[in-house]
Amino acid sequence: MAPPLHPADGDPVPPALRGFAKAHADLVRLHEDPAHLVARHRDPARRVGLVSGGGSGHEPMHAGFLGRGMLDAVAPGKVFASPHNKQVLAASRHAAGPDGVLHVVKNYTGDRINFGIAAERLRLEGIEVRRVLVDDDLATESDETATGRRGTGATVVVEKLLGAAADTGLGLDDLAALGAEFAGASRSLAVATRAQTSMHTGRPSFALEDGELEYGVGIHGERAQRTISRPPAEELVDRMLDEVVAGLPAGPDEVVVVVNGLGGTTLLELYGLHDLVSDGLARRGLDVVGALVGTFVPALDMAGFSLTLTRLRPSWKPWWTAPAITPAFPRSTAPTTEETR
Amino acid sequence: MTTFDQEAVLRRFARAAEDAHAELTELDQRSGDGDFGDNLRGGLRAAVQRFEDGSGGAFDALGEVFLDEVGGTSGPLLGLLFTEIAHALASGTDPLTAFGEGTRAGLAAIQRVGEARVGDRTLVDALSPAADALVGGGWAEAAAAAKEGADLTSGLRARMGRASYVGERVKGAPDPGAVGIALLFWVAATVAEPDASVPSPLSGVTG
């Protein structure tokens with residue numbers, strides 16, 4: 001295996017943050033100590049700063065979603081590690097609006113604790129804070145543990161909807177309640193055909209034989225509970241759709257779907273998979289009103305994809321289609337129902 | 001009522017953490033990643049330095065250092081406690097009342113963040129009874145309650161944190177975070193009531 005092309009030995013995150021900030025200097029600003037990035041532009045109607053963050057290795061999340069219509073500041077941790085509370089604190093101070101700060105947190109113990117500590121410190125400074133927890137991964141649904149479902153691909157959907165909702169001037173409590181509804185209406189499932197390359201050994205983090213598939217994999221190289229023999233793509237998508245649709249709480253039949261590459265999967269594959277996903281959803285009576293296909297929440301260079309569905313209430317639809325001017329969120333998310341030619 | 005010497009608490013706590021380093025490390029190696037002794041000792045050394053270099057109170061220095069610089073999960077959680085105690089001590093009420101209020105506020109913050117309850121085998125098992133004892137009793141009662149709470153963690157399984165992965169195997173020795181809390185209240189009692197006889201929470205077997 002060839003080792004990754006990081007600039008030098010040591011932590012690959014700081015040079016990547018600098019490069020990201022240089023590439024998107026019109027949209028974001030980087031503060032290196034403690035590391036956090038802030039959006040240069042925000043809608044003047046926005047009253048609540050939106051702050052997210054988490055481990056690195058999932059690019060473009062979260063920094064790629066900074067900008068008008070989405071996030072105001074982010075705190076990137078080391079690879080697969082939660083950011084330090086002082087990064088979250090610094091990002092939140094920058095982002096805070098007149099109605100405070102809303103933290104969008106993926107459900108991992110480290111992230112919960114570090115965002116929680118930052119929230120306590122912000123309260124001591126007189127800044128109001130609420131939290132939206134994203135916990136969409138069905139593979140980790142269990143009644144036996146207190147940790148709950150992991151947060152994965154739905155994060156992009158939650159951040160997009162919250163960004164547009166925040167730009168209508170909603171207050172902190174309303175946004176926190178909405179965010180919980182967005183996350184609650186979302187479920188995901190991920191599969192991998194090859195583990196990501198370990199930062200330490202330069203080899204795959206876990207071994208999969210040819211013809212094997214990790215079913216229910218996490219985005220940090222956490223193995224799934226099951227390794228199955230690999231079915232054809234049609235059969236695999238069908239099985240995943242059955243599970244995700246069954247796992248979704250009841251709600252409207254209009255959905256947003258995310259077909260997300262885990263880092264080592266081509267767009268050629270992802271679009272082919274989305275063709276199957278769209279047809280499969282139509283057969284199940286679900287109407288796809290928005291789709292994201294691409295690599296948004298990878299696990300370094302893992303080969304595989306995740307499938308996320310969000311049931312979209314009619315009142316949420318304008319928030320999905322509202323423009324977001326960010327480094328990584330596709331600008332053309334409007335459904336193609338009003339063709340001009 | 002006597003004055004409460006924050007600086008003496010900081011310095012004695014730092015010395016106690018030096019003495020307790022081996023024992024805390026060994027306790028943490030049974031169930032966690034073994035860095036609690038390092039984190040507590042390193043944080044207290046840095047807090048003494050910050051206090052000597054700065055203009056704030058000793059508990060302000062403790063809070064800043066543990067929130068910003070100390071690793072692990074328990075370091076910043078302790079930072080929340082120290083910060084709340086610093087705020088309470090600055091309020092001007094008598095030290096025992098202030099320490100009690102700060103401890104209760106710190107406990108509440110730690111529980112909001114960490115979501116641990118009494119019985120989960122965390123530092124909350126020592127902190128919660130100490131907070132109650134400060135309100136109903138005094139310094140020596142709080143130290144005794146924290147020590148008893150820490151001792152009782154020996155019989156508990158962990159529900160939170162890394163120790164939860166090893167199940168029954170953590171039983172038989174106390175949670176290092178709870179012992180660290182007991183150490184703080186033991187130090188506070190020896191400073192506030194020099195004449196009282198307060199037993200140390202350390203077992204001394206490895207110290």
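Compute the long axis of helix B:176-192 from its Cα atoms, compare it with the longest principal axis of the Cα atoms of chain B, and write down the angle in degrees, 0 to 90, nearest 10.
The helix B:176-192 is inclined about 20 degrees to chain B.
What does the charge add up to near B:Leu152, with Lys and Arg as +1, Asp and Glu as -1, over the other residues with Cβ less than 10 Å from its Cβ?
-2
Ranked by Cβ crowding within 10 angstrom, fewest neighbours first, how are A:Arg194, B:Arg159 ordered? Working shown, then result.
On the way: A:Arg194 21, B:Arg159 16.
Sorted ascending by nearby Cβ count, the order is B:Arg159, A:Arg194.
Which order do the peptides A:170-182, A:80-92, A:263-275, B:113-125 take when ranked by the mean count of other beta-carbon atoms within 10 Å per residue, highest first? Mind showing how you got there, number by number?
Working: A:170-182: 18.8, A:80-92: 25.0, A:263-275: 16.6, B:113-125: 22.3.
With the highest mean Cβ count within 10 Å placed first, the list reads A:80-92, B:113-125, A:170-182, A:263-275.
Suppose R0 equals 30 Å; then what is the FRET efficiency for A:Thr168 and A:Ala25 from their Cβ-Cβ distance, rounded to the nearest 0.05? Show your work: numbers first, answer last.
Working: r = 29 Å, r/R0 = 0.95.
In this case the efficiency is close to 0.55.
Once a ≥ b ≥ c are taken as the square roots of the eigenvalues of the Cα gyration tensor of region A:1-128, is the result rounded (a/c under 1.5), prolate (a/b larger than b/c) or oblate (a/b not larger than b/c)?
Oblate.
Tilt of helix B:58-68 relative to the longest C-alpha principal axis of chain B, in degrees (0 to 90, nearest 10)?
Tilt of helix B:58-68: around 40 degrees.
Using the structure shown, select from A:Lys78/A:Lys106; A:Lys86/A:Lys106; A:Lys22/A:Lys160 the pairs with a Cα to Cα distance greater than 21 angstrom.
A:Lys22/A:Lys160
Pairs of alpha-carbon atoms within less than 8 angstrom and 6+ residues apart define the contacts here; what relative contact order does region B:6-192 have, in percent?
Reported as a whole number, the value is 20 percent.
Taking the Cα centre of chain A as the origin and placing charges on Cβ (Lys, Arg +1; Asp, Glu -1), which of A:Val244, A:Ala63, A:Pro314 is farthest toward the positive end of the dipole?
Of the options given, the answer is A:Ala63.
So if each residue of separation counts as 0.36 nm, and I subtract the Cα-Cα distance between A:Thr266 and A:Arg284, what length gain in nm does that give?
Between A:Thr266 and A:Arg284, full extension yields an extra 3.8 nm.
Rounding to the nearest 10 and keeping the result within 0 to 90°, find how far the Cα-based axis of helix B:74-89 lies from the longest principal axis of chain B.
Relative to chain B, helix B:74-89 is tipped by roughly 20 degrees.
Rounded if a/c is under 1.5, else prolate if a/b is larger than b/c, else oblate: which is chain A, with a ≥ b ≥ c the root eigenvalues of its Cα gyration tensor? It would help to have the intermediate numbers written out before the result.
Values: a/c = 1.55, a/b = 1.17, b/c = 1.33.
Note, shape of chain A comes out oblate.
Just report the Cα centroid separation between region A:254-325 and region B:60-129, whole Å.
Each part reduced to its Cα centre gives a spacing of 44 Å.
If you take the beta carbon distance between A:Ser229 and A:Asp143 as r and set R0 to 41 Å, what does 1/(1 + (r/R0)^6) give as a FRET efficiency, to the nearest 0.05? The partial results should precede the final answer.
Numbers: r = 28 Å, r/R0 = 0.69.
FRET efficiency, A:Ser229 to A:Asp143: 0.90.
Mind giving me the nanometre distance, one decimal, between the label points for A:Glu125 and B:Asp94, set 7 Å out from Cα along Cα→Cβ?
Roughly 3.7 nm, to one decimal.
Using mean Cβ contacts within 10 Å as the protection proxy, how do A:230-237, A:300-307 order, highest first?
Going by the mean number of other Cβ atoms within 10 Å, highest first, we get A:300-307, A:230-237.
Using a cut-off of 21 Å between alpha-carbon atoms, which lysines can reach B:Lys171, once sequence neighbours fewer than 8 places away in the same chain are excluded?
Excluding near neighbours in sequence, the set is B:Lys147.
Counting Lys and Arg as +1 and Asp and Glu as -1, what is the net charge of the other residues whose Cβ lies under 15 Å from the Cβ of A:Asp33?
Here the charged neighbours net out to +1.
How far apart, in nanometres, would the label points at B:Ser203 and A:His41 be if each is projected 7 angstrom from Cα along the Cα-to-Cβ direction?
Result for the modelled spin labels: 6.3 nm.
For A:Glu32 paired with A:Asp11, estimate the spin-label separation in nm (one decimal), with each label point 7 Å from Cα along the Cα-to-Cβ line.
My value for the distance between the label points is 1.2 nm.
Taking each residue in A:108-118, count the Cβ atoms of any other chain within 10 Å of its Cβ, then average. What number comes out? Don't skip to the end; give the middle numbers.
Details: counts 0, 7, 1, 0, 3, 9, 3, 1, 9, 12, 3.
Whole-number average of other-chain Cβ neighbours for A:108-118 is 4.
By its C-alpha gyration tensor, with a ≥ b ≥ c as the square roots of the eigenvalues, how is region A:228-341 shaped: rounded for a/c under 1.5, else prolate for a/b larger than b/c, else oblate?
Because a/c hits 1.5 or more and a/b fails to exceed b/c, region A:228-341 counts as oblate.
Kindly provide the helix-only [θ] at 222 nm of the protein assembly as shown, computed as the sum of -39,500 (n - 2.57) over DSSP H runs of four or more divided by all residues, to the nearest 500 deg cm²/dmol?
Rounded to the nearest 500, it is -14000 deg cm²/dmol.
Read-outs throughout are calculated quantities, based only on the coordinates presented, and are distinct from any laboratory measurement. Here the structure is a predicted model, which means the values were calculated and not measured. Glycine gets a Cβ as well: all are built from the backbone with ideal geometry, and neighbour counts include every protein chain shown.
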